[in-house]
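The values are calculated or read from the model by the stated rules, or taken from the named source; none is laboratory data. Just so it is clear, the model here is predicted, and its values are computed rather than measured. Glycine gets a Cβ as well: all are built from the backbone with ideal geometry, and neighbour counts include every protein chain shown. Heads up: the accessible areas ignore ligands, DNA and RNA and are worked out on the full protein's heavy atoms, side chains in. Shrake-Rupley method; radii C 1.70, N 1.55, O 1.52, S 1.80 Å.
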Amino acid sequence: MDRWTGRVALVTGASVGIGASIAQKLVEGGMKVIGVARNFQAIADAAKKLEGAKGQLIPMKCDVTKEEDILKVFANIRKNYGGVDVLINNAGLAHDAPLLDPSSKTSDWKNMLDVNVLGIAICSREAYKSMKERGIDDGHIFNIGSMSGHRVIPSSKGHFYSATKFAVKAMTEGTRQELREAKSHIRVTHVSPGVVETEFAYRFTGPDSQTYKNLMALQAEDISSSVIHALTAPAHVEINDILIRPTEQSS
Ligand SMILES: NC(=O)c1ccc[n+]([C@@H]2O[C@H](COP(=O)([O-])OP(=O)(O)OC[C@H]3O[C@@H](n4cnc5c(N)ncnc54)[C@H](OP(=O)(O)O)[C@@H]3O)[C@@H](O)[C@H]2O)c1
């Protein structure tokens, strides 16, 4: 992590789960980490626990469905911390809203598009702008996708979610191509987890979800370790795609 010491990372969805674990690892590695989510207090509590670590966690409130919130975060980072060197596009969610079910809500589909797709597009555009204006040529963008961005499983609840994660996969490759076109050395990595034990399944299908009881799920730390692996690879190595399933997961 030496070359990242003192530099700035932005982690979306840093209040719980995978984002909280990534933020913690980056702080322990010496980075100044801006953690954003709607639940400001959860990040502020984590920041307190990390006092005395090599780096620092700075909480900011941001609903990524609101472009003005995202722009405010980038303006705040520019003013107080210089700019973003590493972006972790992690905020994401699923709603139980099958494609053909008459009770599926359009608002649920829009919310998934706003968080899982547009949130990533806006944050990536702003992070690239921030890197470019400071002449940063070794930045890194991570998009947390899903195994659901690689295949469509026969479970109607998640079909629209799956569509948004296919979009994340396409956006990651599109970003990579645009960076190469611009002769930039900024790297981009797509991380696709299988089942990870977080709040995700409870938010998706409710408190009675059995998802994490049916197999030995991954833990958030399994994903954050892979992020650190890709981030600390030598600058000439761009790890593009990481797929991680629990060993027991069949689909
Ligand atoms: N867990 C899994 O099995 C799994 C599998 C594959 C992929 N993933 C992906 O991994 C990523 C992280 O998920 P997780 O498992 O850590 O889920 P989680 O425990 O439910 O955490 C989701 C995070 O996203 C944030 N978020 C949701 N809506 C937001 C909004 N409008 N604005 C800002 N932040 C928002 C939440 O923060 P607030 O609620 O505080 O705003 C929270 O920090 C997601 O992209 C998810 O699709 C998860």
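Quick notes
- Residues in the range 57-80 that are open to solvent by less than 70 Å² (accessible area, probe 1.4 Å), within 12 Å of the ligand (Cβ to nearest atom) and outside any loop (DSSP other than H, G, I, E, B): 5 in all.
- Hey, ASN80 of a type in the set (S, T, N, Q) and more than 23 Å from LEU113 (Cα to Cα) or not: yes
- Meets criteria (among the charged types (D, E, K, R) and either within 13 Å of the chain's Cα centre (by Cα) or within 11 Å of the ligand (Cβ to nearest atom) (or both)) for LYS165: yes
Yes/no matrix, rows are residues, columns are (1) open to solvent by less than 30 Å² (accessible area, probe 1.4 Å); (2) farther than 18 Å from ILE244 by Cβ:
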| site | (1), (2) |
| --- | --- |
| HIS159 | no, yes |
| LYS165 | yes, no |
| LYS169 | no, no |
| GLY206 | yes, yes |
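- In the range 194-212, the residues that are touching a residue at least 60 places away in the same chain (Cβ under 8 Å) and in contact with a strand residue (DSSP E or B) (Cβ under 8 Å, 6 or more places away or on another chain): VAL196
- Considering residues of the range 216-231 that are open to solvent by 30 Å² or more (accessible area, probe 1.4 Å) and part of a loop (DSSP other than H, G, I, E, B) only, the residue nearest to the ligand (Cβ to nearest atom): GLN219
- Of all residues in the range 33-56, those satisfying the criterion of being in contact with a Gly (Cβ under 7 Å, 6 or more places away or on another chain) and either open to solvent by less than 20 Å² (accessible area, probe 1.4 Å) or at pLDDT below 95 (or both) are VAL33, ALA37, ILE43, GLY55.
- Residues in the range 9-23 that are crowded, with 24+ Cβ neighbours inside 10 Å and not small (Gly, Ala, Ser) were compared, and the one that is farthest from the ligand (Cβ to nearest atom) is LEU10.
- The range 173-202, residues that are open to solvent by less than 30 Å² (accessible area, probe 1.4 Å), part of a helix (DSSP H, G or I) and either more than 13 Å from the ligand (Cβ to nearest atom) or touching a Leu at 6+ places or on another chain (Cβ under 8 Å) (or both): GLY174, LEU179
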